[in-house]
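Data block below; observations after.
The values are calculated or read from the model by the stated rules, or taken from the named source; none is laboratory data. Since we're looking at a predicted model, the values are computed, not measured. Cβ placement follows ideal geometry from the backbone for every residue including glycine, while neighbour counts extend to all protein chains displayed.
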Amino acid sequence: MSDTSPLMELANFSGKSELAANEPKMRRRTLSAISGRLLPKPHRRSVGELLAVVLVLSARTRRLVLPPARVEVDVFTPKGGRAVRLYWGPAK
């Protein structure tokens with residue numbers, strides 16, 4: 001005699017997932033909870049990274065506010081002749 005009770009249990013099985021619920025509100029809530037767990041967690045920044053951001057923003061603001069500067073660099077040879085002359089910034 002064969003035992004058919006596991007087959008009968010399988011035939012009478014009904015899904016217990018809330019995604020199979022008849023109410024659309026419950027399905028949406030369940031789907032939202034599942035997808036929320038799949039999203040990547042926000043990366044926590046260290047104090048050093050936050051300080052670097054503050055310093056970059058401060059330097060950028062300072063460059064925008066201060067008047068433009070002109071830098072001239074003269075490099076001479078040991079015998080006194082000019083080797084290199086460099087200019088950075090707006091012309092006079």
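Considering only the range 1-53, how many residues are under 18 Å from the mean Cα position of the chain (by Cα) and part of a loop (DSSP other than H, G, I, E, B)?
8
Restricting attention to the range 71-92, which residues are at pLDDT 85 or above and part of a loop (DSSP other than H, G, I, E, B)?
Of the range 71-92, the ones at pLDDT 85 or above are 71-87.
Those that are at pLDDT 85 or above and part of a loop (DSSP other than H, G, I, E, B): Thr77, Pro78, Lys79, Gly80, Gly81.
When you scan the range 35-53, how many residues do you find that are of a type outside the set (S, T, N, Q) and either touching a residue at least 40 places away in the same chain (Cβ under 8 Å) or exposed (fewer than 10 other Cβ atoms within 10 Å of the Cβ) (or both)?
Within the range 35-53, residues that are of a type outside the set (S, T, N, Q) and either touching a residue at least 40 places away in the same chain (Cβ under 8 Å) or exposed (fewer than 10 other Cβ atoms within 10 Å of the Cβ) (or both) number 11.
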